[in-house]
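Here the structure comes first, spelled out in structure tokens, and everything after it is commentary.
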Amino acid sequence: MADKTVFDLLKENYYEFFVKLKKHFPAMLSFSKEVKIVPWKKEYNIADYNPELIENIKQLEIFLQNGFITEKEFLEKKEKLLQNNRYASRTEGIAFIDQKIVSFRDVKPSIKIVLHELGHIYFKEPDIFWSEIYGGGEILFWLALNEKFFIKEENIKTHMNYLKKAHTEPQQLGIELASLLSKKIKIENPHLFSYALYAGILLRNMLNKNFQNLEKHSYTTEDILEFLNNIVVGLIYYDNFSICYAKALNLIESSENFQKKNLKITENKTNKSEPKLKI
């Protein structure tokens, strides 16, 4: 019997997302045929910390869904479990990028876990650049898959390349990002800190800075990561500045769907003194 692949898993159990991948990321879906699923092993529990707590809460959720306990009983029992253990983690999946192999702890893992591990292998990136927890490319991937914005693979790769360069050449990248923004959004002092303030973003390293001489301030890895994270997270809430900045930095594409949503946001603004963005 042939090994089961992620393609098989998606088609058999997550057809809605199978269709979405086929529409928005066809190359990724085709690639999933090459990614084999292997049985879970105990040594894969690399991030486990008090996993029994998570398992017990999951069991309570099943009881609640099936009507064995009331919502009040569920909350009381959950709070009792959490009294002495406020932190817990449980490894749900693992990806071996070079071998094109994934493994899942549960027989039917959540679609988020399946696509998270597939993304690791497809884009060949570790958590620090891929995971949505770290503001990685996964955020843009889900925005595209859920049709919040028109986002291509190239946009996701661009974002992850920015994150990588932020760790190696933050000063050079800061200059590049400010230059890209200045082509779309004209402000008096086109420094990345100025663009941050213009969008209402206060980076930690901006505190106690003299904004009259911004050109004298260099950029750190923390500055770049914070700035980019604010933009991609802002997209989730349709923040107008984030949309404008993301487009200028090639993190999203324009589309009819995007333009309508952006127009609606613009029309809802009633403060005429607000600066207008040149998109």
By Cβ neighbour count within 10 Å, fewest first, R105, R204 rank R204, R105
Around I94, which amide H atoms from residues at least 5 apart in sequence, or from another chain, sit under 5 Å from its own amide H, with H modelled in the peptide plane?
S103
Where labels lie 7 Å past Cα in the beta-carbon direction, separation of D3 and S179 in nm:
4.4 nm
Linear extension gain, K80 paired with R204, 0.36 nm per residue minus alpha-carbon span
40.9 nm
Non-local amide H neighbours of N45 (under 5 Å, H modeled in plane, Pro and chain starts lacking H): which ones?
none
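Report the extension gain between T70 and N161 in nm, rounded to one decimal, defined as 0.36 nm multiplied by the number of residues separating them, less their alpha carbon distance. Provide the component values of the computation, followed by the final result.
On the way: separation 91, 0.36 × 91 = 32.76 nm, distance 4.84 nm.
Here the answer is 27.9 nm.
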Using the Karplus curve 6.51 cos²θ - 1.76 cosθ + 1.60 with θ = phi - 60°, what ³J(HN,Hα) values do you get for each residue of region 13-24, in whole Hz, with x for Gly and Pro?
10, 9, 4, 4, 7, 4, 5, 5, 5, 4, 7, 9
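Throughout, read-outs are computed from the coordinates displayed, never taken from laboratory work. Every value quoted in this text rests on a predicted model; they were computed, and no experiment measured them. Here Cβ is always computed from backbone atoms with ideal geometry, including for glycine, and neighbour counts include all displayed protein chains.
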